[in-house]
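The structure under discussion appears below in the form of structure tokens.
Any read-out appearing in this document is the output of simple, stated calculations on the displayed coordinates, not a laboratory observation. These numbers were taken from a predicted model, which means no experiment stands behind them. Glycine also receives a Cβ, built like all others from the backbone with ideal geometry; neighbour counts cover every protein chain displayed.
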Amino acid sequence: MLRSLRTGFIAATLLFGAAAVLAKPADFVGTREAGYKSLGAAFKTVNDRLRSGDVRGPEFMGAVARIQTVSREQYKWFPAGSGRSSGLKTAARPEIWGNAPQFRAAQDAFARQADAFAKAAATSDAGLIRGEARKLGATCKGCHDNFREEDN
């Protein structure tokens, strides 16, 4: 049984690895554009709810969860070869790959702040949530300023 589990694990690893290798740059560009658009929609929901003072309920918490999910998914969206060098229209600057440690640090900062924001959201304290939302927005701005072309 252990042997068949090991064989299954190896087969699954190879399959998922092959899928990543066989994916086209356009697939990654499309995935990250869709992911960041959903992040923008989640931020809009959060900001609308903060303005109204209603920081409870499934719509608000769904937006918080989406932000956390994107903060984890984003790591898979920028493989080598998925930038402008692929010939595709993308807002991703070459610095993402040319300065990968700095980009990873920016991604990590966003993920950490998404977690802090989710903890604040769980309290229903609008003041605390607002403060963490501002910090979260600043982590987004850090990536936009350094790694995203506004006009692509």
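Quick look at the numbers
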quantity: Pairs, first without any contact (Cβ under 8 Å) to a residue 24 or more places away in the chain and of a type in the set (A, V, I, L, M) in the stretch 85-104, second part of a loop (DSSP other than H, G, I, E, B) and surrounded by 14 or more Cβ atoms within 10 Å (Cβ to Cβ), C-beta under 9 Å, six or more apart; calculated: 100/78
quantity: All positions within the stretch 124-141 that are under 15 Å from residue 40 (Cα atoms) and of a type in the set (A, V, I, L, M); calculated: 133, 136, 138
quantity: Residue that is within 17 Å of the chain's Cα centre (by Cα) and surrounded by 14 or more Cβ atoms within 10 Å (Cβ to Cβ), where the choices are 130, 49, 148, 84; calculated: 148
quantity: Residues that are buried (at least 20 other Cβ atoms within 10 Å of the Cβ) and not in a loop (DSSP other than H, G, I, E, B), drawn from the stretch 87-105; calculated: 92, 96
quantity: Residue in the stretch 111-123 that is within 25 Å of residue 47 (Cα to Cα), crowded, with 18+ Cβ neighbours inside 10 Å and not small (Gly, Ala, Ser) present; calculated: yes
